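Beneath this line is the structure, given in structure tokens, with notes to follow.
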Amino acid sequence: MSMRDVILYMSMSLDGFVDSDREHPGMAVPEGAELKAWKLDRISRAGAHLMGRVTYQQMSSAWPGSDDPYAAPMNDIPKVVFSTSLSDAEATWPETRVARGDLAAEIAAIKAEAGPDVIVWGGGRLAGALVAADLIDEYRLLVQPLVLGRGQALFDQLPESRHLDLVEATPFPSGVVLHVYRPQRTPAPR
């Protein structure tokens with residue numbers, strides 16, 4: 001039986017920040033029609049959307065009543081919220097369950113479920129924890145033509161350096177460049 005992959009989608013500034021008090025990297029540059037179509041396609045093919053509490057609270061208040069093209073796939077996709085403080089997420093946003101256990105054990109259980117790959121889209125804290133615990137199978141980083149100078153870095157929780165293999169790099173007319181990486185499972189030669 002094949003395991004599902006956990007795929008991280010993250011918008012980030014050119015200098016590596018995923019959140020900042022200056023601008024949010026995911027909203028700083030208008031995405032344009034091509035990038036939006038690419039994102040909608042990826043969301044609609046995912047087996048589940050993993051997120052932290054803060055991202056859940058932002059999205060669950062926006063998507064259920066929205067007519068934006070992102071709303072339908074976001075509302076329909078199964079969602080898993082990693083939180084120890086949320087009580088009943090399903091009542092707020094259908095197709096949602098809360099994961100309260102050990103992060104690695106929860107991810108292993110999700111990966112073992114049948115279905116398409118799962119996505120982590122946004123949420124710097126959860127993404128950073130997943131990255132630090134080496135639980136990401138593929139990184140799809142949307143690098144914005146923006147330099148923030150400060151903010152929350154995606155990789156600031158890493159216990160040591162990690163080597164990745166570049167799988168794809170795709171520029172979009174908006175100036176955003178998609179970088180797709182997979183972790184090297186054998187150490188790089190020195």
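The values are calculated or read from the model by the stated rules, or taken from the named source; none is laboratory data. Since we're looking at a predicted model, the values are computed, not measured. Cβ sites come from the backbone with ideal geometry, for glycine too, and all protein chains shown count toward neighbours. The area values use the complete protein model at the heavy-atom level, side chains included, leaving out ligands, DNA and RNA. Shrake-Rupley method; radii C 1.70, N 1.55, O 1.52, S 1.80 Å.
How much FRET efficiency would the formula 1/(1 + (r/R0)^6) give for S66 and V180, where r is the Cβ-Cβ distance and R0 is 41 Å, rounded to 0.05? Mind dumping the intermediate values first?
Numbers: r = 28 Å, r/R0 = 0.68.
The computed FRET efficiency comes out at 0.90.
Rounded, prolate or oblate, given the Cα gyration tensor of region 41-105, with a/c below 1.5 counting as rounded?
Here region 41-105 falls in the oblate category.
How many percent of DSSP beta bridges within the chain run antiparallel, rounded to 5?
Working: 14 of 35 bridges.
Rounded to the nearest five, the antiparallel share is 40 percent.
What does the accessible area of I119 come to, in Å² to the nearest 10, when a probe of 1.4 Å is used?
10
Can you classify region 1-95 as rounded, prolate or oblate using the Cα gyration tensor, where a ≥ b ≥ c are the square roots of its eigenvalues, rounded means a/c under 1.5, and otherwise it's prolate if a/b beats b/c and oblate if not?
Rounded shape, in that the Cα axes give a/c under 1.5.
Provide the gained length on full extension for the span A104 to Q157, in nm with one decimal, where the gain is 0.36 nm per separating residue minus the Cα-Cα distance. All intermediate terms of the calculation are to be shown ahead of the outcome.
Details: separation 53, 0.36 × 53 = 19.08 nm, distance 1.54 nm.
Net length gain for the segment: 17.5 nm.
Could you please state, rounded to a whole Å, how far the C-alpha centre of region 143-167 is from the C-alpha centre of region 1-36?
When both Cα centres are located, 11 Å separates them.
Accessible area of the chain with a 1.4 Å probe: how many percent of it is carbon plus sulfur?
Ligands and nucleic acids excluded, carbon and sulfur give 53 percent.
Could you rank F155, F17 by how accessible they are, 1.4 Å probe, largest area first?
F155, F17
Accessible area per residue, 1.4 Å probe, Å², for region 61-130: what's the number?
47
Only four residue types carry charge here, +1 at the Cβ of Lys and Arg and -1 at the Cβ of Asp and Glu. Report the dipole size of the chain about the Cα centre in Debye, rounded to the nearest 20.
Working: 18 positive and 25 negative charges, 61 e Å.
For the chain, the charge dipole is close to 300 debye.
To the nearest 10 square angstrom, what accessible area does V167 show with a 1.4 Å probe?
Only protein atoms counted, so the area is about 90 Å².
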